[in-house]
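Below is one structure, written out as structure tokens; comments come after it.
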Amino acid sequence: MKRLIFILLGFFIFTYNSVNAQEDRSAFWGNAEAYLYKQAFQMFELIDRALTENPPTIGSPMTRKLALYNLDAMLHETKYDDSEAFKNFIYSRTSLVISDLSKPVNEGMKIYKIYNEGFIARTQSVTIAFDLVRGSCKNQLLISDSLMRLLVEQCDILFITHNHGDHADPAVIGMFTEAGKTVIAPNNVMEDNKNIQHLWSEKAISKQIQSVDVKIFPGHQDDMPNNLYVVTTKEKKTIAHIGDQYNKDDMAWIVNLKKEIPQPDALIINCWTHQMNNLVEGFSPKLVIPGHENEMGHTIDHREAFWLTFQKMQSINRDYVVMGWGEWFQCK
């Protein structure tokens, strides 16, 4: 009798699952768009999970490459630019950073990649932001004001490299200045705003700002002034962020910068910069972290892919870490 019950139970389970499987298969028949949007939710959620479970590490492990290459594929299909699946992904990645920023840094320097070339660097004594922006795509914000305020609350200083909207966000600048926090930028960034410390010179500037030592070098993106920042904390941890440096004439002095600066523990470099190998060797960093992949305000041919970044970084004779949005790496 028991054997008959188990047989019947198995039959009913099989029949139930078969019917539901048939319903699931047919639910999207004749509706390809609904099918693709449902698939987008699955893909973004799986990429989010894969990145969370496989945090950044030096080099190019296969699991992370697969996750980031799949992210390229999703971000290079513009139909998802304003989808709920993509918005959920951005929200999740940003929320992870906000949660971790509330935890103490017990050693070294922790570097967070927020979006584009927006990075945050933390030591025990200070939290520094670079080129922090909300980002936009199809006239919609990628990072909401409420989430950005939570990021800003954790930061002490904002450095802005140059006057482009994907690096200098007036609303984010306002969040810093309204809170009485320091903002450093070239002269042409909101030049009438007296709450910004405008620093630009054709010669290098050395300055102590709050608790950090800062060297600022006069770089350019084409003809636009683009500050190169080298920041050293009380703990003697140094981070360099060069914004969108891209100017062949500047290479004459950039290749010798290592003679003028502490060795950076990390160099933040845009993934399409001019003469990357020579530029990196000019700074002589311990670690290279690329940024600017998949800037969503661009067309897909200029949304620089992670797979391209990995190709470029493999020719760099330095340790490197490729990070997605909402990830972090600790420099010991």
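The values are calculated or read from the model by the stated rules, or taken from the named source; none is laboratory data. Worth saying up front: this structure is predicted, and the values here are computed from it rather than measured. Heads up, the Cβs are rebuilt from the backbone with ideal geometry, glycines too, and the neighbour counts pull from every protein chain shown. Surface areas here come from the heavy atoms of the whole protein model, side chains and all, with no ligands, DNA or RNA. Shrake-Rupley method; radii C 1.70, N 1.55, O 1.52, S 1.80 Å.
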Per the rule of 0.36 nm per residue minus the C-alpha distance, extending Tyr37 to Arg49 adds in nm 2.5 nm
Rounded to the nearest 10 degrees, the helix 62-75 long axis (Cα) sits at an angle to the longest Cα principal axis of the chain of 90
Ranking Val280, Ala85, Met109 by how far each Cα lies towards the positive end of the charge dipole of the chain (+1 on Lys and Arg Cβ, -1 on Asp and Glu Cβ), the top one is Met109
Log10 I(q)/I(0) at q = 0.09, 0.14 Å⁻¹ for the chain, from Debye over equal alpha-carbon scatterers, is -0.50, -1.09
Taking 130-141, 156-167 and ranking on average Cβ neighbours within 10 Å, highest first, one gets 156-167, 130-141
The stretch 46-96, Kirkwood Rh and Cα Rg, ratio Rg/Rh at 0.99
Projected area averaged over all directions for the convex hull of the alpha carbon atoms of the stretch 109-167, nm², comes out at 4.1
Once phi for every residue in the stretch 81-93 is put through the Karplus expression 6.51 cos²θ - 1.76 cosθ + 1.60 (θ = phi - 60°), the whole-Hz ³J(HN,Hα) values, with Gly and Pro written as x, are 4, 10, 7, 5, 4, 5, 4, 4, 4, 4, 4, 5, 5
With T = 25 °C, eta = 0.890 mPa s and Kirkwood Rh from C-alpha pairs, the Stokes-Einstein D of the stretch 221-332 in µm²/s is about 168
Taking r as the C-beta separation of His302 and Lys103 and R0 as 25 Å, the FRET efficiency to the nearest 0.05 is 0.10
Cβ-Cβ cut-off under 12 Å around Thr238, Lys and Arg +1, Asp and Glu -1: the net charge is +3
Expressed in angstrom and rounded, the centroid-to-centroid distance over alpha carbons for the stretch 219-241 and the stretch 56-111 is 24
Taking every C-alpha to C-alpha distance in the stretch 166-221 and binning by 10 Å from 0, the per-bin percentages run 21, 51, 27, 0
Rounded to the nearest 5, the percent of DSSP beta bridges in the chain running antiparallel is 65
Per the stretch 31-166, sqrt(5λ) over the Cα gyration tensor eigenvalues, sorted largest first, in Å, gives 28, 19, 13
For the stretch 286-317 the trypsin sites (Lys or Arg not before Pro) that pass both the DSSP coil test and the at-most-15 other-Cβ-within-10 Å test are Lys286
Here the gain from full extension of Met251 to Asn277, 0.36 nm per residue of separation minus their alpha-carbon distance, amounts to 8.2 nm
With the 1.4 Å probe rolled over protein heavy atoms, the chain has an accessible area per residue in Å² of 47
Given all pairs of distinct Cα atoms, the stretch 74-231 yields a Kirkwood Rh in Å of 16.5
Note: Gln314 to Asn88 extended length (0.36 nm per residue) minus current alpha-carbon separation gives 78.2 nm
For Glu304, other-chain or 5+-apart residues with amide H closer than 5 Å (H placed, Pro excluded) are Asn294, Glu295
Each label sits 7 Å from Cα toward the beta-carbon; between Trp29 and Glu260 the label points are separated, in nm, by 7.0
For the pair Glu77 and Asp145, the simple spin-label estimate (label points 7 Å beyond Cα toward Cβ) gives in nm 3.4
